[in-house]
Amino acid sequence: MTADWISALATFAAVVLAMLLALRDGMQQRRARTLAAAADRARTLGELQLAWERRRAQAQGVIGWFQYSSSSGRALEAGPTKYQKVVPRVLVANYSSHPVFDVRVELYSTDPGVSELLDVTRWQVLGPTPDRPMRINPEFFHDNQDGVLVTVKFRDLAGNYWLRRQDATLERLDTHWRPMADPMPTSG
């Protein structure tokens, strides 16, 4: 009987050991799958974020702004004084390396509580340029001593529509020039 007990005990120990090894292998395989899935999610998220950044790259280079200039054309840092002859100017720049299309530059009143559209200028194409002065009506500045707010709407080379505000915020638009969601992809 002792030989039978030893044989039974050895068989039992072998079965327990085989189960423990199978359990350990299963846990390692699960851990490996979990790590691979996390790596895939991170890679996919990275690719989505890169695509989002690429989509916005050209649009980031387009901006319009208002400034007062002296009669010689130099920008005034602190705004006009009552003794200076100043020229109100709106400048639009395309710092990207490609043209943008269907450009619409809008000027809005800076009066508190008023969002009145003062003027719109359209260009079919705005090529790469450091700053392009826009013709403006000086009468806008009799009541708007602080100037105007400038927005630039345009279509980029890839066909995406954008709104760039004077404060440098960038918003994606649909083909009807209405805002659309374009959040940066996150892991949430």
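The values are calculated or read from the model by the stated rules, or taken from the named source; none is laboratory data. Nothing here was measured: the structure is a model prediction, and the numbers come from that model. Virtual Cβ from ideal backbone geometry, glycine too; neighbours counted across all protein chains shown. Just so you know, the surface numbers come from the protein's heavy atoms only, side chains and all, with ligands and any DNA or RNA stripped out. Shrake-Rupley method; radii C 1.70, N 1.55, O 1.52, S 1.80 Å.
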R0 of 25 Å, Cβ-Cβ distance D174-L45: FRET efficiency to nearest 0.05: 0.50
Counting only heavy atoms of protein chains, what accessible area per residue, in Å², does the stretch 95-134 have with a probe of 1.4 Å? 57
Whole-Hz ³J(HN,Hα) from phi, Karplus 6.51 cos²θ - 1.76 cosθ + 1.60, for the stretch 115-125, glycine and proline x: 10, 6, 7, 8, 7, 9, 10, 10, 10, 5, 9
Debye-sum result for the stretch 1-50 in log10 I(q)/I(0), which assumes one identical scatterer on each alpha carbon, at q = 0.16, 0.18, 0.30, 0.33 Å⁻¹: -0.63, -0.68, -0.96, -1.03
